[in-house]
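Written out below as structure tokens is the structure these notes cover.
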Amino acid sequence: MDNLAPPPAGLTLGRAATPMAFIRAIVLGYRRRGMDPASALHHAQIPASALDHPAARVTAAQMEAMSGYAMQELDDEALGWFSRRLPWGSYGMLCRASLGAPTLEVALKRWCRHHRLIVDDLTLAFSQQRASASIRITEHRDLGDMREFCLVSTLRYLLGYACWLIDSRIALGETTLPFPAPPHLDAYPHLFPGPLRFDADAAGFSFDARYLSLPPRRDERALQAMLQRALPLTVRQYRRDRLLVHSVSQLLTTRPGTAHTAEDIAAQLNLSVRTLHRQLKEEGVTLQHLKNDARREHAIKLLLQTHKPVKQIAAAVGFDNEKSFSRAFREWTGSAPGRFREGADVHEAPPSS
């Protein structure tokens, strides 16, 4: 395979946490095609003798190297799971089909719909019930010894892409898997953080439906870069959670004139004050910044949509006096409240005859 890149250096460095069972599943894909996996194992620096040790592990870098090499050598991004190959670029096509979606919800629906066009052996279904959204896999044929690796990878591909698309961790409510807990159970929390349930009716996961309204933050250029090394998305865990900023902003907007304390907001979100500040910092914002945003938007709304005096608006958005409000408003907009209102009135007034 002259077109395949040489193995990267340092593959065996770092924590070896990926179960050898997943490597054996890739090897099985080779053998089902009557092909020799020796080159792929050599490329990933995995000795063939390690395949016989149930407790053996490899690093994430070795798993990435093995998978990437095998996908190209087998010309199958599904690594032999399905009754027909998924040629190189199939999952990139799925990513691109969902890229322009206005929200995560639309992106997930597109992924499930387009996945059905390339795979007959299973279908992905999106559903929402009140505050919870879920993805569920329905199997249409016996996946045999490939079942665990296939179902886990299919869920992780979608979850990893969704997190990448909105640039946020998606906290899972529960992950269900339709097989007994495997010997390498300890690897699963790294793949699906949160509650796990084995021997379930179907593979799938659930999450807070509020993530669905988050807009994508990626474009075609970002997609091209991601596709150069897409496999890390299957194991990468995002620390930042955009839903937290969204939730805090909603609380502040609901009661914009209230003197919200960190203790009050943290309690409503079932977080500690320390965790609240830390996670907001990871998002690049502070609680005071979000408070100011909520106050500014409410003040602008009152100035433009009501005839209330500036003094009343100052009190309505949580300021003790008109002077401090005016000073803050000038910092936010570059204009005093009264002048801001007058400017809007002049702008909206019809031209004189």
* Please go through the stretch 265-304 and pick out each residue that is closer than 30 Å to Pro337 by Cβ, in a helix (DSSP H, G or I) and among the acidic types (Asp, Glu). => Asp293, Glu297
* Structure fact -> Taking the stretch 191-219 and keeping residues closer than 21 Å to Thr18 by Cβ, of a type in the set (Gly, Ala, Ser) and free of Cβ contacts under 8 Å to residues at least 40 places away in the same chain leaves Gly194
* Asked: Any idea which of Arg169, Arg210 is farther than 17 Å from Gly92 by Cα, of a type in the set (D, E, K, R), in the same structural domain as Thr138 (by TED's automatic domain parsing) and crowded, with 20+ Cβ neighbours inside 10 Å?
  -> Arg169
* **Options Tyr161, Tyr188, Tyr157, Tyr91: the member that is touching a residue at least 60 places away in the same chain (Cβ under 8 Å), assigned to a helix (DSSP H, G or I) and more than 16 Å from the chain's Cα centre (by Cα)** => Tyr91
* Scan the stretch 44-77 residue by residue and report those that are under 26 Å from the mean Cα position of the chain (by Cα) and at positive phi. => none
* **Selected residue [buried (at least 17 other Cβ atoms within 10 Å of the Cβ) and either of a type outside the set (Ser, Thr, Tyr) or not in a helix (DSSP H, G or I) (or both)] from Val152, Val106** => Val152
* To do: Could you tell me whether Ser67 is outside the structural domain of Ala230 (by TED's automatic domain parsing), in a helix (DSSP H, G or I) and without any contact (Cβ under 8 Å) to a residue 60 or more places away in the chain?
  => no
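Yes or no, residue by residue, for (1) buried (at least 16 other Cβ atoms within 10 Å of the Cβ); (2) at pLDDT below 95; (3) of a type in the set (Lys, Arg); (4) within 22 Å of Gly144 (Cα to Cα):
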| site | (1), (2), (3), (4) |
| --- | --- |
| Leu51 | yes, yes, no, yes |
| Pro54 | no, yes, no, yes |
| Ala60 | yes, yes, no, no |
| Pro87 | no, yes, no, yes |
* **Selection status of Gly194, in the same structural domain as Ala125 (by TED's automatic domain parsing), within 17 Å of Leu243 (Cα to Cα) and not in a helix (DSSP H, G or I)** => yes
* Asked: Does Val317 qualify as being more than 30 Å from Thr154 (Cα to Cα), β-branched (Val, Ile, Thr) and in contact (Cβ under 8 Å) with a residue 12 or more places away in the chain?
  -> yes
* Report, by residue number, each residue of the stretch 246-264 that is in a helix (DSSP H, G or I) and surrounded by fewer than 19 Cβ atoms within 10 Å (Cβ to Cβ). => His246, Ser247, Ser249, Gln250, Leu251, Thr253, Thr254, Ala262, Glu263, Asp264
* Can you confirm whether the stretch 125-144 contains a residue that is closer than 22 Å to Thr18 by Cβ, out of contact with any Asp or Glu (no Cβ under 9 Å at 6 or more places or on another chain) and part of a loop (DSSP other than H, G, I, E, B)? => no
* Structure fact -> Within the stretch 234-245, the residues that are within 20 Å of Trp111 (Cα to Cα) and surrounded by fewer than 18 Cβ atoms within 10 Å (Cβ to Cβ) are Val235, Arg236
* Asked: Given the residues Ala125, Ala101, Ala131, which is the only one that is under 21 Å from the mean Cα position of the chain (by Cα), over 18 Å from Ser153 (Cβ atoms), of a type in the set (A, V, I, L, M, F, W, C) and modelled with pLDDT of 95 or more?
  -> Ala101
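The values are calculated or read from the model by the stated rules, or taken from the named source; none is laboratory data. As the structure is a prediction and not an experimental result, all values here were calculated from the model. Heads up, the Cβs are rebuilt from the backbone with ideal geometry, glycines too, and the neighbour counts pull from every protein chain shown.
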